[in-house]
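Visitor: This is the structure I want to talk about, given as structure tokens.
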Amino acid sequence: MSQAVVHNQTIYIAGQVATDSRAAGAADQTKEILAKIDALLAAADPDKSKILSATIWLTDMSTFAEMNRIWDAWVTPGSTPARATVTSPQLAAPDYKVEIAVIAAQS
């Protein structure tokens, strides 16, 4: 599976999950995932201000505020992407609480 694919100057980043802190809460997992997304975007030469769309999966919607606080601090003000946040009772592994996929434009 590719972590990121570039096609026609659009970057598609696969759903990212926390690997180092799987037992941590939604906020810590969100921080780790967003750092991974930053690194993947940097490799393709844009930055997070170029994100067009994001999809966030939570295993428990009661953690929405916790995740959203980290998200809001991370996004570029004035360049926030379209976003959907949905609940999924189970992600790929039982310890995963958050998964995030994004689509971004290349610079």
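A short reminder: the numbers here are calculations on the coordinates, not readings from a lab. A quick note: this is a predicted structure, and the numbers were derived from the prediction, not measured. Because the Cβ atoms are built from the backbone with ideal geometry, glycine has one as well, and the counts that use them run over all protein chains shown.
Visitor: By count of other Cβ within 10 Å, fewest leading, how are Y96, Y12 ordered?
Guide: Ascending Cβ contact count within 10 Å gives the list Y12, Y96.
Visitor: Once both axes come from the Cα atoms, what is the angle between helix 26-44 and the longest principal axis of the chain, in degrees from 0 to 90, rounded to 10?
Guide: 20 degrees
Visitor: Here is a further query. Just one of [x] 13.1, 38; [y] 18.6, 61; [z] 16.3, 57 is Rg and Dmax of the Cα atoms in Å as worked out from the coordinates here. Which one is it?
Guide: Recomputing Rg and Dmax of the Cα atoms in Å here gives the entry labelled [x].
Visitor: From the phi angles alone, apply the Karplus equation (6.51, -1.76, 1.60; θ = phi - 60°) to region 81-96 and give each ³J(HN,Hα) in whole Hz, x where the residue is Gly or Pro.
Guide: Once θ is set to phi - 60°, the couplings for region 81-96 become x, 5, 8, 10, 10, 10, 9, 9, x, 8, 9, 4, 9, x, 7, 6 Hz.
Visitor: Let me ask something additional. Output wanted: per-residue J couplings in Hz (rounded whole) for region 5-14, from phi through Karplus 6.51 cos²θ - 1.76 cosθ + 1.60, θ = phi - 60°, x for Gly and Pro.
Guide: 10, 10, 9, 6, 6, 10, 9, 10, 9, 4
Visitor: Also: Order 75-87, 54-66 from most to least packed using the mean count of other Cβ atoms within 10 Å. Numbers along the way, then the final one.
Guide: Working: 75-87: 11.9, 54-66: 16.5.
The most tightly packed comes first, giving 54-66, 75-87.
Visitor: I want the antiparallel fraction of DSSP beta bridges within the chain, as a percent rounded to 5. Please list the in-between numbers first.
Guide: Details: 16 of 22 bridges.
Restricted to the chain, the bridges split so that about 75 percent are antiparallel.
Visitor: For the chain, what is the calculated [θ] at 222 nm in deg cm²/dmol (nearest 500), taking -39500 (n - 2.57) for each run of four or more DSSP H residues and dividing by its residue count?
Guide: Values: 2 runs with 30 residues, N = 107.
Calculated at 222 nm, the ellipticity per residue is -9000 deg cm²/dmol.
Visitor: Could you give the angle, 0 to 90 degrees to the nearest 10, between helix 64-74's Cα long axis and the longest principal axis of the Cα atoms of the chain?
Guide: Its long axis makes an angle of about 30 degrees.
Visitor: Compute the FRET efficiency between T80 and A35 as 1/(1 + (r/R0)^6), taking r as their Cβ-Cβ distance and R0 = 22 Å, and round to the nearest 0.05.
Guide: Efficiency computed from Cβ-Cβ geometry: 0.75.
Visitor: I've got another one for you. Explain nothing, just the number: relative contact order of the chain, from Cα pairs under 8 Å at least 6 residues apart, as a whole percent.
Guide: Values: 191 pairs, mean separation 44.4, N = 107.
It comes to 42 percent, rounded to a whole number.
Visitor: Please give the FRET efficiency for D95 paired with D47, using the beta carbon to beta carbon distance and R0 = 41 Å, rounded to the nearest 0.05.
Guide: Details: r = 30 Å, r/R0 = 0.72.
Efficiency, from the Cβ-Cβ distance: 0.90.
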